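Heads up: the structure comes next, in structure tokens.
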There are 2 protein chains.
Amino acid sequence: MQEHTVKSYAKELRRLRELVARMGGLAERQVADAVAALVRRDAELATEVMARDVEIDALEREIEAFCIRILALRQPAGADLRLVVAALKISHEIERVGDYARNAAKRSVVLAQQPALGSLNGFQRMARLVQENLKGAMDALVNDDAARADEVWAADQPVDEVYNGIFREMLTFMMEDPRNITAATHLLFVAKNLERIGDHATNIAETVHYAVSGEALTEERPKADSSAFAVVRPPV
Amino acid sequence: MQEHTVKSYAKELRRLRELVARMGGLAERQVADAVAALVRRDAELATEVMARDVEIDALEREIEAFCIRILALRQPAGADLRLVVAALKISHEIERVGDYARNAAKRSVVLAQQPALGSLNGFQRMARLVQENLKGAMDALVNDDAARADEVWAADQPVDEVYNGIFREMLTFMMEDPRNITAATHLLFVAKNLERIGDHATNIAETVHYAVSGEALTEERPKADSSAFAVVRPPV
């Protein structure tokens, strides 16, 4: 390859990382705003979050088209090829994160008109944790940092623990008073959205680890989500 | 390229389609068995479904490694490149379908020990619809059939409609008797899993359409999931 071609190829790969990191940053903000809208009962902010999701979707399409162009024109190999495949996968994960944030925002619109249940501290804690993990995964990608990716990959357990607490709390609210049922159900789904966002952050970290190191993380990830087995009994 | 190379390349692409279709077939079966376990209150079958999910995960890794090898060694272009990128994306979607089926199965284990709620006909109907859509998407991929992909892409609305009905039904069960709350909550999440599987089937159809035709489906997909806005009132 000529020096010019090599330089512009390196520039393209840098731009690819930046696009993915920008998409990740947008998704982080969506998660933060969705939960802020929930906690402040702010239907206007929730509606903004829902409307902003198209930006994330557009970035996914841009990244995919860019990846296909790089694959077709540069025929990357080795670490460069792994980066392009990782960008495709990660942009898809981030798109899902955006969908979950939009869905949480949508439910906040209804919840703003329902009775308030509890402090919602758990939701803020979950949002903070998954945002940190998303940010960590993006930092790992931009800095080619497999160790940082591993940290994120192992950090999902606290998210699951907060989720399990919310699950039990919401079922208890439902049992105390049937008028809580609609609100508690929507809050359960918001908590589930945040828990899934946490899962996507660890998937992204796994993909970054592979892109950077060339090795797959094959051991089972530490999981603490026991809610699928949870049984809560009504008060006697 | 020499004739021999051309032939083995064509064989690789055929094998890639077959691997993805096999993965899709496994996921279909997981969905069917997860719902069968739910309806028959069969914790043993549910446990089998949970254990079988590793086969789907292993196929995803095999497909990804195969795609990377094809990209590195064959440097595909045009429709072949689109097929390889589509295979990467679709295998990831199917892996998610597998996760949702596993999660539904996990909840069936708890549900087998909870009071039975309603006929569960809606769950069987949803499972049938999403299985048909998964199968349709796989047929479209194997037969290079963009029109079939479009049909699947447009067929998610009935899934959403059944889901909305189940959402309201479960909230009503909860309001009637607090002892129904645990079971109704798990059933709500199972219904949500099936609804998400339906979404993934349409995503796959969208990707097949693009791989086959080279054109993206950009119009908004018809959606009927209004449950995020649903409010159900307790009986007076």
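The values are calculated or read from the model by the stated rules, or taken from the named source; none is laboratory data. For clarity, every value in this text was computed on a predicted model and none was experimentally measured. Positions of Cβ are generated from backbone atoms using ideal geometry, with glycine treated the same way; all protein chains shown enter the neighbour counts. Each accessible area value is taken on the protein alone, full model and side chains, heavy atoms only, with ligands, DNA and RNA left out. Shrake-Rupley method; radii C 1.70, N 1.55, O 1.52, S 1.80 Å.
Assess whether B:ILE90 counts as being within 12 Å of another protein chain (Cβ to nearest Cβ), closer than 21 Å to A:ILE204 by Cβ, open to solvent by 10 Å² or more (accessible area, probe 1.4 Å) and aliphatic (A, V, I, L, M). No, not satisfied. The condition of being more than 9 Å from chain B (Cβ to nearest Cβ), in contact (Cβ under 8 Å) with a residue 24 or more places away in the chain and over 30 Å from A:ALA184 (Cβ atoms) holds for only one of A:LEU129, A:LEU83, A:LEU117, A:LEU111, that being A:LEU83. Of the numbered criteria (1) surrounded by 24 or more Cβ atoms within 10 Å (Cβ to Cβ); (2) within 14 Å of chain B (Cβ to nearest Cβ), the one A:ASP160 fails is (1). Of everything listed in (1) at pLDDT below 95; (2) open to solvent by less than 50 Å² (accessible area, probe 1.4 Å); (3) within 10 Å of chain A (Cβ to nearest Cβ), the single unmet condition for B:MET174 is (1).
Would you confirm whether or not segment A:79-87 contains a residue that is modelled with pLDDT of 95 or more, under 27 Å from A:ASP160 (Cβ atoms) and open to solvent by 20 Å² or more (accessible area, probe 1.4 Å)? Checking segment A:79-87: not a single residue is modelled with pLDDT of 95 or more, under 27 Å from A:ASP160 (Cβ atoms) and open to solvent by 20 Å² or more (accessible area, probe 1.4 Å).
Considering the conditions (1) basic (Lys, Arg); (2) open to solvent by less than 30 Å² (accessible area, probe 1.4 Å); (3) in contact with a Lys or Arg (Cβ under 9 Å, 6 or more places away or on another chain); (4) farther than 23 Å from A:TYR210 by Cβ, A:ARG96 is excluded by exactly one of them, (4). Considering A:GLU60, A:GLU55, the condition of being open to solvent by less than 40 Å² (accessible area, probe 1.4 Å), part of a helix (DSSP H, G or I), over 25 Å from A:GLN114 (Cα atoms) and among the acidic types (Asp, Glu) is satisfied by A:GLU60 alone. The number of residues in segment A:138-149 that are part of a helix (DSSP H, G or I) and open to solvent by 20 Å² or more (accessible area, probe 1.4 Å) comes to 5. Mind checking whether some residue in segment B:103-118 is assigned to a helix (DSSP H, G or I), charged (D, E, K, R), closer than 20 Å to B:TYR163 by Cα and modelled with pLDDT of 95 or more? Yes - at least one qualifying residue is present in segment B:103-118.
Would you call B:LYS135 open to solvent by 30 Å² or more (accessible area, probe 1.4 Å) and within 29 Å of B:ALA87 (Cα to Cα)?
Yes: the conditions hold for B:LYS135.
Step by step: first the residues of segment B:1-45, then only those that are surrounded by fewer than 14 Cβ atoms within 10 Å (Cβ to Cβ) and among the β-branched types (Val, Ile, Thr), then the one that is nearest to B:LYS135 (Cα to Cα). Which residue is that? Per the stated criteria, the residue is B:VAL6. Examine segment A:187-197 for a residue that is surrounded by 24 or more Cβ atoms within 10 Å (Cβ to Cβ) and either away from every other protein chain (no Cβ under 12 Å) or at pLDDT below 95 (or both), and state whether such a residue exists. Within segment A:187-197, one or more residues are surrounded by 24 or more Cβ atoms within 10 Å (Cβ to Cβ) and either away from every other protein chain (no Cβ under 12 Å) or at pLDDT below 95 (or both). Residues considered: B:ALA211, B:ALA184, B:ALA201. Of these, the only one that is surrounded by 21 or more Cβ atoms within 10 Å (Cβ to Cβ), at pLDDT below 95 and among the small types (Gly, Ala, Ser) is B:ALA211.
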